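The values are calculated or read from the model by the stated rules, or taken from the named source; none is laboratory data. Since the model is a prediction, treat every value here as computed from it, not as a measurement. Note: ideal-geometry Cβ built from the backbone for every residue, glycine included; neighbour counts use all protein chains shown. Areas reflect the complete protein model, heavy atoms only, side chains present, ligands, DNA and RNA absent. Shrake-Rupley method; radii C 1.70, N 1.55, O 1.52, S 1.80 Å.
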Amino acid sequence: MDNELKRTLGVFDAVVVGLGAMVGAGIFAALAPAAGAAGPAGGALLAALAVAALIAYCNAHSSARLAARHPASGGTYVYGRERLGPFWGYLAGWGFVIGKTASCAAMALTVGAYVWPGHQRAVAVAAVVALTAAGYGGVQKSARIARVIVAAVLAVLAAVVVGCLTSGAADAGRLGGLAGGGVGGLLQAAGLLFFAFAGYARITTLGEEVRDPRRTIPRAVPLALGIALLVYAAVAVAVLSVLGAGALAASPAPLADAVRAAGLPGLTPVVRVGAALAALGSLLALVLGVSRTTLAMARDGHLPRTLAAVHPRHQVPHHAELAVGAVVAVLAATTDLRGAIGFSSFGVLAYYAIANASAWTLDSGLKGRAVAAVGLSGCVVLACALPAASAVTGAAVLAVGAALYAVRGRLRAAI
């Protein structure tokens with residue numbers, strides 16, 4: 001069929017796409033606000049990371065099983081539609097597209113802030129244009145770019161970890177304790193850190209472009225998540241051991257400050273380059289994911305059907321990619337979205353709550369249902385624990401989406 005995508009991605013490329021989204025700007029930026037929420041004890045931040053990882057594992061497990069059963073572009077939009085009904089699929093897609101479009105703009109602005117402070121908007125728009133053009137050339141080209149970015153970012157993070165842990169400034173005593181922010185603070189920190197784990201969704205939203213998806217996706221998702229968890233844990237321990245929770249919470253650039261405190265100022269520009277590359281990797285993966293969900297919603301008429309067009313030669317949803325790129329470029333040029341982490345986390349947690357509810361309906365044993373139940377309840381708890389402004393804004397956006405769905409249904413019925 002003319003509107004179907006080509007299956008070209010294997011396990012390695014799928015893992016790289018997921019890592020490109022996860023090991024991105026979140027690790028350079030999310031640690032500080034999470035530390036502030038968790039409180040002055042370093043152990044609380046590490047406990048919050050463990051909670052975020054547990055919920056992410058449950059979501060990944062449910063998403064992988066659903067993707068193997070429904071290997072089409074759109075991720076939870078498709079799973080919710082097929083397992084729970086059209087409304088729940090639509091709501092998942094709505095939350096994903098709105099929240100992740102804002103995240104795309106935030107990542108673009110992060111690139112600009114690190115590459116050319118004071119001119120970040122111009123750099124952000126240029127980055128969006130360049131990566132949209134790269135995605136237009138085919139998912140394989142995007143995967144090759146993601147490989148280079150992921151390798152460079154992992155090398156930078158490895159240098160940070162080794163440099164901090166082997167310095168005289170490292171103190172294991174800064175890693176202990178749970179007192180400070182209480183249970184509420186720990187859960188809020190976990191919700192903010194969850195933002196950094198959400199990239200494995202990119203693997204499932206590309207389900208229509210993965211070879212042998214019933215085998216590839218269930219293997220790629222836990223691999224990408226496991227590698228990201230190890231990287232995040234190592235970086236969190238290294239930075240905490242040098243800065244401590246209090247200094248980490250107050251730092252606008254925690255990794256750069258950590259290498260400086262470790263007596264390695266020469267690493268600071270390397271960290272800046274790594275942060276810019278990480279944000280580029282996240283932006284690339286986000287544009288891929290949002291455009292594929294847009295494609296799936298357009299196929300069903302929830303968005304203009306022209307967005308469902310697939311390029312005959314490059315085999316990509318080119319109208320959707322161009323539309324997403326244009327919207328993100330406008331947002332990056334006109335709006336400051338650095339505070340979008342909480343809002344994006346709310347949308348992603350709602351998205352995965354629907355994924356876990358969908359996974360509950362699969363024919364599976366006790367483990368599958370138990371994982372889905374833990375994932376669903378965990379998503380709801382973390383969403384409610386987010387800062388009030390993020391939770392209220394996210395809920396309002398979902399309510400607007402639900403209202404539009406109801407109006408559209410009534411208009412169809414009246415015709």
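Annotation for region 149-194 versus region 281-359: alpha-carbon center distance of 30 Å.
Only Lys, Arg, Asp and Glu carry charge here, each on its Cβ (+1 for the first two, -1 for the last two); on that basis region 220-370 has a dipole of about 180 debye about its Cα centre.
Extending 7 Å from Cα along the Cβ direction at residue 396 and again at residue 12 yields two label points whose distance is 4.8 nm. Return the long-range amide H neighbours of residue 210 (sequence gap of 5 or more, or a different chain), with a cut-off of under 5 Å between placed amide H atoms. Counting only residues 5 or more places away or on other chains, the set is 8, 9. Computed extension gain for residue 406 through residue 335, at 0.36 nm per residue and net of the alpha carbon distance, reaches 22.6 nm.
Helix 318-334 against the longest principal axis of the chain: what's the angle in degrees, Cα atoms only, rounded to the nearest 10? Approximately 40 degrees, to the nearest ten. Across 191, 95, 182, mean-square fluctuation computed from a Gaussian network of the chain (C-alpha pairs under 10 Å connected) peaks at 182.
Note the full-extension length gain between residue 148 and residue 129 as 0.36 nm times their separation in residues minus their Cα-Cα distance, in nm to one decimal. Please report the intermediate quantities before stating the final value.
Numbers: separation 19, 0.36 × 19 = 6.84 nm, distance 1.89 nm.
Stretched out fully, the residue 148 to residue 129 stretch lengthens by 5.0 nm.
Each Lys and Arg adds +1 at its Cβ and each Asp and Glu adds -1 at its Cβ; summed about the Cα centre, the chain shows a dipole of about 740 debye. Only helices enter this figure: runs of n ≥ 4 DSSP H residues, each worth -39500 (n - 2.57), summed and divided by the residues of the chain, yield -26000 deg cm²/dmol at 222 nm to the nearest 500.
The angle between the Cα long axis of helix 388-414 and the main principal axis of the chain comes to about 0°, on a 0 to 90 degree scale. Taking Cα atoms, how many degrees apart are the long axis of helix 139-165 and the longest axis of the chain, rounded to 10 and kept between 0 and 90? For 139-165 against the chain, the angle is about 20 degrees. Put a dot 7 Å past the Cα of residue 155, heading toward its Cβ, do the same for residue 116, and the two dots end up 2.5 nm apart.
Provide the per residue accessible area, probe 1.4 Å, for the chain, rounded to a whole number of square angstrom. List each step's numbers first, then the result.
On the way: 15150 Å² over 415 residues.
Per residue, the chain has an accessible area of 37 Å².
To the nearest 10, the accessible area of residue 412 is 130 Å² with a 1.4 Å probe.
Ranked from largest to smallest solvent-accessible area, with a 1.4 Å probe on the protein heavy atoms, 405, 351 come out as 405, 351. Positive end of the dipole of the chain (Cβ unit charges, origin at the Cα centre): among 164, 97, 112, the Cα lying farthest that way belongs to 97.
Tell me, in nm to one decimal, what length is gained between residue 183 and residue 50 on full extension, where the rule is 0.36 nm per residue of separation less the Cα-Cα distance?
Stretched out fully, the residue 183 to residue 50 stretch lengthens by 46.5 nm.
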